[in-house]
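Okay, structure first, notes after.
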Amino acid sequence: MAKRLHRHRMFRKRHPPMGARPGTLVISPQALPPAIHVIQYDARGVHEEDVHDVTRLRGRTASGGVTWVDVQGLGSEETLRALAEEFSIHALALESVVNVPQRPKVEAHDQHLLVITRMARLREDRSVDTEQLSVLIGADYVVTIQERYGDVLDPVRERIRQGKGAIRTSGADYLAYAIVDAVIDGYYPILETVGDLLDDLDERVVEQADPAAMGQIHYLKRELLGIRRGLWPQRESLSTLTRDELPFVGQDVRRYLRDSYDHCVQVLDVVETYREVTGGLTDVYLSTIANRQNEVMKVLTIMASIFIPLTFLAGVYGMNFQYMPELHARWGYPMLLVAMALVAAGMLVYFRRKGWIGRGDGGKRLRQRNPERER
């Protein structure tokens, strides 16, 4: 039972010890060592570099352009604290970044603006992997910190390398918008996959009532609930970015963030729709099972009803009284068989006229008569 409860926990946060001072970091033993990649760009060009020592980041932001420091992995407290010292990251902000998962939110500090989002990716087995992505926005830099290697931000990197759009001629706030927008857009292929799975389950539930489908329906309900829990507060944080006057985010970028907010609302609407569909599939599955049981009981009841009078006739003429008038009749046995056959046939005709048997393919005949309606 304890293992089952452990599997159903969707939100496990690493808490510091009770009474610990603010800013205490809790590093998981399974956390990956940080991998730091730096992209520095302006309208003239792009420079990329993998950095293994945080001290090599000194002076990068003062050289002009926009600097994107991408940190993947939270396995070294020393590296994270050195990074916080280099970019003047507030102790409470660093705690929110490291002690994952946090609720998506927006926090304004003196030297930077912290935006926490939930990033989702699709694994090879078509399951959903979510992790926290923290975005620190400064005057001319953006620092992104995430739990594991790999993300959904490759389209943003390609836009920077190829100089597509306004990203190379805009500031750090536009880069932060592009990152947040890519995170939101990353939910679309996931929901497309969920939609395909729901279509397959719909056919399986209606046509076969496969017991394994019920487990998949329950799995999808849990995945959709996890997506909703990540997106709902994210919508609020995007609303804060578009509505409030916050440092390091210009008015022009707020217009773009409104588009990201619309995408987030749209994704949430699809999630809610799919959650209703999964609930409906559960009802359809239970109804299909109940209908099958009713059909089986109906067949058994009809067979029993037919054999009741036949059993009665066989029981009457199976008695061994000496003076039964039909006992010594030459044609008694075949006449009894004929009478039993007529009784069975009469009951079948009666049941058919009542509509109790022989009417199960009415819907199929109707579709054959109206093929255009099916199209």
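The values are calculated or read from the model by the stated rules, or taken from the named source; none is laboratory data. Quick caveat, the model's predicted, so the values are computed rather than measured. All Cβ positions, even for glycine, are placed from backbone atoms using ideal geometry, and neighbour counts span all protein chains on display. Quick note on the areas: whole protein, heavy atoms, side chains included, nothing else; ligands and nucleic acids left out. Shrake-Rupley method; radii C 1.70, N 1.55, O 1.52, S 1.80 Å.
A few remarks follow.
- Pairwise FRET efficiency - D202 versus D244, Cβ, R0 = 51 Å, nearest 0.05: 0.75
- Averaging Cα coordinates gives a centre for the stretch 26-53 and one for the stretch 143-187; these two points are 14 Å apart.
- Here is what passes the span test in the chain: the DSSP H helices with alpha carbon length of 27 Å or more along the helix axis and a Kyte-Doolittle mean of 0.0 or above are 251-316, 332-353.
- Computed from Cα atoms alone, the Kirkwood hydrodynamic radius reported for the stretch 74-191 is 15.1 Å.
- Accessible area (Å², per residue) of the stretch 202-283, counting only protein heavy atoms and a probe of 1.4 Å: 52
- Positive-end extreme of charge dipole, the stretch 264-366 - chosen from G355, I306, M319 (charges on Cβ): M319
- Overall, the accessible surface of the stretch 36-154 at a probe of 1.4 angstrom is composed of carbon and sulfur to the extent of 43 percent.
- For the stretch 186-315: rounded, prolate or oblate by the Cα gyration tensor [a/c cutoff 1.5]: prolate
- Average projected area [Cα convex hull, the stretch 13-162], square nanometres: 9.8
- With a simple spin-label model that places each label point 7 Å from the Cα along the Cα-to-Cβ direction, the separation between A91 and D125 comes to 4.2 nm.
- Simple Cβ-charge dipole of the chain, Lys/Arg +1 and Asp/Glu -1, about Cα centre, in debye nearest 20: 1920
- The share of accessible area on the stretch 170-219 that comes from carbon and sulfur is 50 percent, using a 1.4 angstrom probe.
- Debye log10 I(q)/I(0) for the stretch 200-245, one point scatterer per Cα, at q = 0.21, 0.30, 0.32 Å⁻¹: -0.71, -0.96, -1.01
- With the convex hull of the Cα atoms taken as the outline of the chain, the averaged projected area works out to 31.7 nm².
- Aspartates and glutamates with Cα under 16 Å of K105, excluding same-chain neighbours fewer than 8 positions away: E95, E131, D181, E236, D244, E245
- Estimated inter-spin distance, V299 and T169, nm [label 7 Å along Cα→Cβ]: 7.4
- A simple spin-label model places the labels of N291 and D269 3.2 nm from each other, with each point 7 Å out along Cα-to-Cβ.
- Euclidean distance of C-alpha centroids, the stretch 248-272 and the stretch 112-137, integer Å: 16
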